[in-house]
Every structure is written in structure tokens, then in C-alpha cells.
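*Asks:* Mind looking over this structure? Questions follow.
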Amino acid sequence: MAISQLSATEKAAATTLYLMPVPTKITHSAGEFRLHADFQIQVTGAPDERIYPAATRMLRRLSGRTGLFFPQDFITAADNAKNADLKINCKRPGKVELGENETYVLTITPEHINLNAETDIGALRGLETLLQLLSADANGYYFPCVTIEDEPRFAWRGLLIDVGRHFMPVHVIKRNLDGMAAVKMNVLHWHLTEDQGFRVESKIYPKLHQLGSDGFYYTQEHIRGVIKYAADRGIRVVPEFDVPGHATSWLVGYPKLGSKPGPYEIIRKWGIQYAALDPTNENVYAFLDQFFGEMAALFPDPYFHIGGDEVEQGKHHKAEHWNANPGIQAFMKKNNIADNAALQAWFNSKLVKILTKHQKIMIGWEEILHESMPRSIVIQSWRGAEAMVSAARAGFQSILSRGYYIDLIQPTDFHYLNDPLPPDISLNAEQKNLILGGEATMWSELVTPENIDSRIWPRTAAIAERLWSPQHVKDVDDMYRRLQSVSMQLEELGLTHEKNYEMMLRRLAGSANIHALRTFVDLVEPVKRYKRHSLNKNLTSFAPMTRVVDTARPDAQVARIFRKNVSAYLNAGNKTIAERLQADLKLWNENHDELSMIIERSPVLAEIEPMSKTLTQCAEIGLQSLSALRDKRTLDKNSIANAKRVLAQAKKPVAEVELMVVSGIEDLLEAAGK
Ligand code: ACM
């Protein structure tokens, strides 16, 4: 049973837990297993070898959190302590493939912990649950007594990392794989090629990485290392080689594959480019056959992503490549190819044959959906959930990414409530089975290795829960409560979403004294969706990603809690909450003097000075409204009208950030006017 379905007493017990994703079924019992200094682990059954280092890592994390010096060093199959405290039993080796059994049963009694799983991959999921259960009181550390029976709702629970637009070194990928494993995600979708960069070494066509990457690419040895690291955590790696569009970087070294004569240069700016492979050129297929063959041998997963998004389709697209090429136009006429969508389907059907020959299953963005395609391919929906529904109705398997675009800086609850299979979806049972799961997408126009984690985490943990936990688990407040604790636990894996915040603030301030700067940046978020690109025309692949907008985090917690406190106060008039609001507003009202001293020494911060002044004014309005509400006075019409003007102005972005407390202050003002 999930927390949201428990009775009041059970809920009281369950809410002391910080599990994310919430398991399928939790049964609470009395007591706890007290962690002691001679805690030991034993693995039995017939697991894959990956379980031993995984159990060792778990033991080290437990030791790291508790400071206990456990006697056990490195866990191996030879460890057979008869009285081990944690017994892990797996029936068979798990295969890192779609649909593998990930179920586990975790039983904690005061004397023992048993983790039973069909496969070692299920056991890995259970070990993460156990780590999340670690609790503490004045007597030490313990695990509460529970029985957890758990299994995923969806088989495909992925994170896309785009390394084409901004290259991400191997260590960035690895720490994110650890984060994924911690929240039971099981697919890394590695977006390896873009107009801005070709990131894989090809031994057959070396000009791909030599001329298409500025020197920022993975060697095949790097790739094998990442795949092994992922497999050790029960995570599949699905590579994406985006064709025929998003392919400028391929054409730098091999311009003859393109639909225009070339030469081509690596793209430095953002926005859709229309350079595309020429689908009428037989050499393109010979090239892809060779190259995909090389990559098919490098990447063991049967699924192979060919992109397929945003090719020259429809009237609104610039007719530069396919439409302006007389050879392509003549070819279409001769072969009765009605439009560019049909031309792309023609291209894709040849790709399916190539991939089938290399024993791969084709997956691509929703633009590859076409009646003529074989039902073996998988559709990834990104523009609308309709693509998934029509894919399922037409008999295609699909995964959902629409609503999981974490690069767009939307709040966690927006992603959390986005369900691949909402209760009202109009599909029959068979069609529903075609929906495999979903993927968060970390497109990398506006991130570097320094701040990418802060765009992925902790929000992706909530998406992980949506894809793993039962459908009815959707209490937003409870999600946020647990997310805070999970976010800190993710730090122990080397993720930088929390710690780089202060580092980036220190660099901006040129000083360790960041108090006033932090107070301000805690209240702002980057503008949403694609707005930064319209506000700033200087954003390129070599632009600085170190400003306040790059430091500020999505779903700013301090601002969110303020807005929540405002609505709680306006609903119930609670005195403690009023005092909290008063303290917040006073702090913000007085922040500017100290911040302006920092800004004087730090020209990089000059761009946010106007918003810092605005914060002073907004906080003043908040204080006056709060005081009127407490004294049961009504604010006069004139000052309300003035205040409204100030707040309307305060909603406008400055330096690509927006102030996230204005709507809360508006609510206070509104109430004070009644
Ligand atoms: C995409 O966002 N172009 C798949």
C-alpha cells in the first residue's frame, strides 16, 4: 500500500519514511533494527557478479553516513558469515535489458534484514530502498521494521543527457548514473550527436569526431567504460545518433552526405538548423550501414535511437535543404513521395532494414511515426501526448517525454503529475501495454558540467517516482517533503546540484561573504521554456554559463515555501505562519544594502541590481499587507493601486531571471484590500 492510501495512524508511521520512489506495498510493524558496529552482509543464491561491488558500495555509504567502522571490507561470494545481519538472496543473474525483473521483497525485523529478489537487479533496487530507510535518534541509527514488496509500474524509466550541445565528460555521466540508480531509473538515453557536436570516436569514419567535435568526444574505450558502469547499476544505455536532421556536425567531415553542397561548419548558436542528410543519395545508406554497424557493436542494448526530430517538414520551415535541392525534388516526383514527411518515412524504412541487419530495434522521436513503418519501432513522444495515443492506436510501442523536459525549468510538481498513462486515457488494455514508460530530457543548450546536475536533480527523482510507483501515489506535498531528503542523499554520490550553488555564488561575489547574494538568488528562477533565447541573443555554445541565471535553481525552494505559507496563512490565519512571513519579508526588505555592496565589487552582478531594488519594494508591500491583515485594517485604494503597479512591473524578467515571490505578495495585497 502506498503512503497516500494508509489510515491515519499508519500514515503517521509511514510519513516518518523518506522513500522515493514510494514502493508498491509497505507493511509497517513494531520496532526497529538497530545498526551496530559489527553489521555484516551476506549474498546468497545465483546473482550476477555485479551484486558484490554493489553491496560493498552500499556498506560504504552506510558506514559513511553513520561513521561506524564496520569490520567487513569488500564483499565477495566467499563471504559466508552465518549470522549476517543483511542477507541478500537472488535467484538468478539479471540481464540489463528492457523488461527484466526488478522486483524485490525487503523485510526488516529487530534481528535481521532480508532482501529477496528474483534477480540481482531487483536486489540493487532494494538496497537503495534500504539506504533511504536509514533513520536516527538519540540512541543511534536504525531501520524501521517494515516489509516492502516492490515492483516498477513502467519498464522504461530513463534520463536523456544531451552531450552534443555541451559536451559532458565521463565523470559527469557516471555521477548521474549513480543518481539514476538511487531513484531506480534504468535507461540512460545518451544523445551523442547534434548540429553542435559529434561526440563519439568512429574508427571507420574518423572525420566524424575529428572534425565534428572541437576535440570534445568520447573514445570507444570511454564509451565501453560508461556502459559497464551503467550495467553494474542495472541501467541500460541507449545511444542516439540523430538523423537525418540535427546532423550538421556529421557534414563537417563528410559534406557529400548533405542535401546542400557545403562546406559545413559546426554550429555555435541555438535553435533548429535544417542541414540534413540527403535521403536520395545511396552513399548515405552505405555510410550509415557501416557507421551504425560500428556503433551497434559498441552499444550492446538492442534499442538504437535514430533521432528523426525537426527535419524540414511543413510550410513554416525554411526551405533550404530538402526543398531547395532539385535532385531531391525530382526524386520525390519520380517515386510519388507526396511531402517531406513521406520522404522521411522513406528514409526511415531504409534505416529499419540497416538496423535489423545489425540486430537493433529502431527508436526515434515522434516524427518517425508513419503508417508505413513496421510495428517493431518505438516512438518517443515529445511535442504532445497525442503522439503516444496515436502511436498506441496504430500498434506502436512508445515512451513519453512530453512533460518531462527538465531543461525548461518548470516546477517539480508539473513533471510529477505528468502521467504516461493517466486514468482517463482512451486506450484499451492492449494499447496501454504498448506504453513502455518515459524519459526526462536534459537538453544542454544552457548547461555545463558545472550546473547540469542542478537542472537534473532533484526534480528527476520525482519523475523517477512517477515512472516507478503506483499511479495513485501523487500527493504533491508529500513528494516535496521526501524530495528534500532525497536531494541531500544524492549528494553523497558526487552530484553537485546542491554544493555547486554556493560555489557559483562565491565566484559571482568574488568572496566567501555571499549571505545577501544567496538571500536574493534563493528567490529567483531562470525564465521558463525557451524564453532565455529570445531575451539574450548572445547565448552560444561558448557563452559563459556562470551568471545569476545559471546559478539560480529551478523550483526555488525558499520562494515556493513562501508562496505556500502565504496561502496557508490566508486560509487559516495561523500566528506562527504570520511570524514566519513577517521574518521573510523583513529579511528581503533589508537585503539590498548589503547586496549592493557586493555588487559594487562584482560587476558581473550589476545586471541583477534593478531586481534587487524591486525585491525591497515588493517586500515592503508584503509587510504593509501583512500588517493590515493582522490589525484587520483595509489598505486604502490609492496605495493598493500603486502597489499593484509595482508588483506587475516586478513580474518582468531581469537578466533572464524572474522573482518567484511576487505572486505570493500579490495574494497578501489582494487579501488586505478586502
Ligand atoms: C526534440 O526536443 N527536438 C526531440
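*Asks:* Being out of contact with any strand residue (DSSP E or B) (no Cβ under 6 Å at 6 or more places or on another chain) and either crowded, with 21+ Cβ neighbours inside 10 Å or under 16 Å from Phe292 (Cα atoms) (or both) is the filter here, so list the residues in region 200-216 that pass it.
*Replies:* Within region 200-216, Glu201, Ser202, Lys203, Ile204, Tyr205, Pro206, Lys207 qualify.
*Asks:* Suppose we filter Glu240, Glu265 for residues that are acidic (Asp, Glu) and more than 16 Å from the ligand (Cβ to nearest atom); which single one remains?
*Replies:* None of the others qualify; the one that does is Glu265.
*Asks:* Could we say that Leu595 is in a helix (DSSP H, G or I), modelled with pLDDT of 95 or more and over 36 Å from the mean Cα position of the chain (by Cα) here?
*Replies:* So Leu595 fails the test.
*Asks:* Restricting to region 386-398, count the residues that are among the hydrophobic types (A, V, I, L, M, F, W, C) and either surrounded by fewer than 17 Cβ atoms within 10 Å (Cβ to Cβ) or within 12 Å of the ligand (Cβ to nearest atom) (or both).
*Replies:* Residues that pass the stated criteria total 2.
*Asks:* Can you report the number of residues in region 209-263 which are over 13 Å from Gly164 (Cα atoms) and either within 23 Å of the chain's Cα centre (by Cα) or assigned to a helix (DSSP H, G or I) (or both)?
*Replies:* Qualifying residue count, region 209-263: 27.
*Asks:* Among residues belonging to region 350-370 that are touching a helix residue (DSSP H, G or I) at 6+ places or on another chain (Cβ under 8 Å) and among the charged types (D, E, K, R), point out the one that is farthest from the ligand (Cβ to nearest atom).
*Replies:* Within region 350-370, the match that is farthest from the ligand (Cβ to nearest atom) is Lys357.
*Asks:* Take residues that are over 15 Å from the mean Cα position of the chain (by Cα) and closer than 21 Å to Ala559 by Cβ and tell me which of the helices (runs of 4 or more DSSP H) falling wholly in region 452-543 contain 3 or more.
*Replies:* The qualifying helices (runs of 4 or more DSSP H) are 476-491, 499-509, 515-521, 531-535.
*Asks:* Hey, another quick one. Please find, within region 298-325, the residue that is farthest from Glu201 (Cα to Cα) out of those that are among the aliphatic types (A, V, I, L, M) and modelled with pLDDT of 95 or more.
*Replies:* Looking at residues that are among the aliphatic types (A, V, I, L, M) and modelled with pLDDT of 95 or more, I get Ile306.
*Asks:* Tell me, which residue of region 302-313 that is in a loop (DSSP other than H, G, I, E, B) and surrounded by 21 or more Cβ atoms within 10 Å (Cβ to Cβ) is farthest from the ligand (Cβ to nearest atom)?
*Replies:* Step by step, filter region 302-313, then rank; the result is Glu312.
*Asks:* Further question: Conditions: (1) surrounded by fewer than 22 Cβ atoms within 10 Å (Cβ to Cβ); (2) more than 16 Å from the ligand (Cβ to nearest atom); (3) not hydrophobic (A, V, I, L, M, F, W, C). Gly437 meets all but one. Number of the miss?
*Replies:* Every condition holds for Gly437 apart from (1).
*Asks:* If you go through region 53-64 one residue at a time, do you hit one that is of a type in the set (Lys, Arg), buried (at least 18 other Cβ atoms within 10 Å of the Cβ), part of a loop (DSSP other than H, G, I, E, B) and touching a residue at least 40 places away in the same chain (Cβ under 8 Å)?
*Replies:* No, every residue in region 53-64 fails to be of a type in the set (Lys, Arg), buried (at least 18 other Cβ atoms within 10 Å of the Cβ), part of a loop (DSSP other than H, G, I, E, B) and touching a residue at least 40 places away in the same chain (Cβ under 8 Å).
*Asks:* Considering region 615-663 alone, what residues qualify as being of a type in the set (Val, Ile, Thr), crowded, with 21+ Cβ neighbours inside 10 Å and over 29 Å from the mean Cα position of the chain (by Cα)?
*Replies:* Ile621
*Asks:* Something else now. Would it be correct to say that Arg529 is surrounded by fewer than 16 Cβ atoms within 10 Å (Cβ to Cβ), modelled with pLDDT of 95 or more and on the phi > 0 side of the Ramachandran plot?
*Replies:* yes
*Asks:* To continue, here is another question. Just for region 499-510: of the residues that are touching a residue at least 24 places away in the same chain (Cβ under 8 Å) and in contact with a helix residue (DSSP H, G or I) (Cβ under 7 Å, 6 or more places away or on another chain), which one is surrounded by the fewest Cβ atoms within 10 Å (Cβ to Cβ)?
*Replies:* For region 499-510, the residue satisfying everything is Gly510.
*Asks:* Is it true that some residue in region 223-236 is aliphatic (A, V, I, L, M) and without any contact (Cβ under 8 Å) to a residue 12 or more places away in the chain?
*Replies:* There is no residue in region 223-236 that is aliphatic (A, V, I, L, M) and without any contact (Cβ under 8 Å) to a residue 12 or more places away in the chain.
*Asks:* Does Asp242 satisfy the condition of being of a type outside the set (Ser, Thr, Tyr) and out of contact with any strand residue (DSSP E or B) (no Cβ under 9 Å at 6 or more places or on another chain)?
*Replies:* No, not satisfied.
*Asks:* For Glu49, indicate whether it is under 24 Å from Ala182 (Cβ atoms), modelled with pLDDT of 95 or more and in a strand (DSSP E or B).
*Replies:* Spelling it out, it is not the case that Glu49 is under 24 Å from Ala182 (Cβ atoms), modelled with pLDDT of 95 or more and in a strand (DSSP E or B).
*Asks:* Quick test for you: out of Tyr404, Tyr416, pick the one residue that is closer than 24 Å to Asp475 by Cα, buried (at least 20 other Cβ atoms within 10 Å of the Cβ) and within 15 Å of the ligand (Cβ to nearest atom).
*Replies:* Going through Tyr404, Tyr416 in turn, the sole match is Tyr404.
*Asks:* Looking at region 136-167 only, could you name the residues that are over 30 Å from Asp242 (Cβ atoms) and within 23 Å of the chain's Cα centre (by Cα)?
*Replies:* Asp150, Glu151
*Asks:* Which residue pairs have Cβ atoms closer than 8 Å, lie 6 or more positions apart in sequence or on different chains, and pair a first residue in region 391-411 that is closer than 27 Å to Ser444 by Cα and among the basic types (Lys, Arg) with a second residue that is assigned to a loop (DSSP other than H, G, I, E, B) and within 15 Å of the ligand (Cβ to nearest atom)?
*Replies:* Pairs that qualify, where the first residue is closer than 27 Å to Ser444 by Cα and among the basic types (Lys, Arg) and the partner is assigned to a loop (DSSP other than H, G, I, E, B) and within 15 Å of the ligand (Cβ to nearest atom), are Arg402/Trp382; Arg402/Arg383; Arg402/Gly384.
*Asks:* Of all residues in region 268-301, count the ones that are away from the ligand (no atom under 16 Å from the Cβ), in a loop (DSSP other than H, G, I, E, B) and farther than 16 Å from Ala341 by Cα.
*Replies:* Residues in region 268-301 being away from the ligand (no atom under 16 Å from the Cβ), in a loop (DSSP other than H, G, I, E, B) and farther than 16 Å from Ala341 by Cα: 5 in total.
*Asks:* From the residues in region 419-432 that are buried (at least 16 other Cβ atoms within 10 Å of the Cβ) and either over 20 Å from Pro21 (Cβ atoms) or charged (D, E, K, R) (or both), which one is farthest from the ligand (Cβ to nearest atom)?
*Replies:* Once the filter is applied, the top-ranked residue is Gln431.
*Asks:* In addition: Suppose we filter region 436-455 for residues that are β-branched (Val, Ile, Thr) and touching a Gly at 6+ places or on another chain (Cβ under 7 Å); how many remain?
*Replies:* 0
*Asks:* What are the residue pairs meeting all of these: first residue in region 610-624, first residue in a helix (DSSP H, G or I), second residue of a type in the set (D, E, K, R), Cβ atoms under 7 Å, and 6 or more apart or on different chains?
*Replies:* Within 7 Å, the pairs are Leu623/Lys586.
The values are calculated or read from the model by the stated rules, or taken from the named source; none is laboratory data. Every value quoted in this text rests on a predicted model; they were computed, and no experiment measured them. Counting neighbours? That spans all protein chains shown, and the Cβs are built from the backbone with ideal geometry, glycine included.
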